[in-house]
1. Assess whether Ala78 counts as being touching a residue at least 12 places away in the same chain (Cβ under 8 Å) and either surrounded by 14 or more Cβ atoms within 10 Å (Cβ to Cβ) or not aliphatic (A, V, I, L, M) (or both).
2. Taking the condition open to solvent by 50 Å² or more (accessible area, probe 1.4 Å) and modelled with pLDDT under 95, does Lys65 pass?
3. Just give me the residues in the range 1-60 being assigned to a loop (DSSP other than H, G, I, E, B) and surrounded by 16 or more Cβ atoms within 10 Å (Cβ to Cβ), in sequence order.
4. Just to be sure I understand, how many residues within the range 1-28 are touching a residue at least 12 places away in the same chain (Cβ under 8 Å) and touching a Pro at 6+ places or on another chain (Cβ under 8 Å)?
5. Picking from Lys33, Lys62, Lys29, which residue would you name as being over 15 Å from the mean Cα position of the chain (by Cα) and basic (Lys, Arg)?
Amino acid sequence: MERFSITTEKSLYKPIEIEVNGKLYIIDKISPKLLREVAKYDSPATRGDADAIVAQFSLLTKVDKAIVEELDVRDLSAALAMITTQIFRPEKLGEKEKKVSTPGAKA
């Protein structure tokens, strides 16, 4: 018989790492409570509401909103898309999604 064991202490999945201004932020667990809070901003965020995008990113990463406000919204959207993929379809995260291009870098 197979056993699947999960705990409130640690996820079975690897943490998600997001680097902002050279500082590494780690999302090690996404609880249903956190996901519900983030989901409150889904509709406005998909319409391009900057406050909703900032709120979602800040909630997930714990990056101070004042810092998030200074980031490029395209970078925020790309990071949120990667985080979403990690949450809902971790098996679909391939090399293309793992590589985030650096502006000015040669491919």
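The values are calculated or read from the model by the stated rules, or taken from the named source; none is laboratory data. These numbers come from a predicted model, not from an experiment. Please note: Cβ atoms are built from the backbone with ideal geometry, for glycine as well, and neighbour counts cover all protein chains shown. Remember, those area values only see protein heavy atoms, side chains included, never the ligands or the DNA or RNA. Shrake-Rupley method; radii C 1.70, N 1.55, O 1.52, S 1.80 Å.
1. Spelling it out, Ala78 is indeed touching a residue at least 12 places away in the same chain (Cβ under 8 Å) and either surrounded by 14 or more Cβ atoms within 10 Å (Cβ to Cβ) or not aliphatic (A, V, I, L, M) (or both).
2. It is false that Lys65 is open to solvent by 50 Å² or more (accessible area, probe 1.4 Å) and modelled with pLDDT under 95.
3. Ile30, Tyr41
4. 3
5. Lys33 is the lone residue from the list that is over 15 Å from the mean Cα position of the chain (by Cα) and basic (Lys, Arg).
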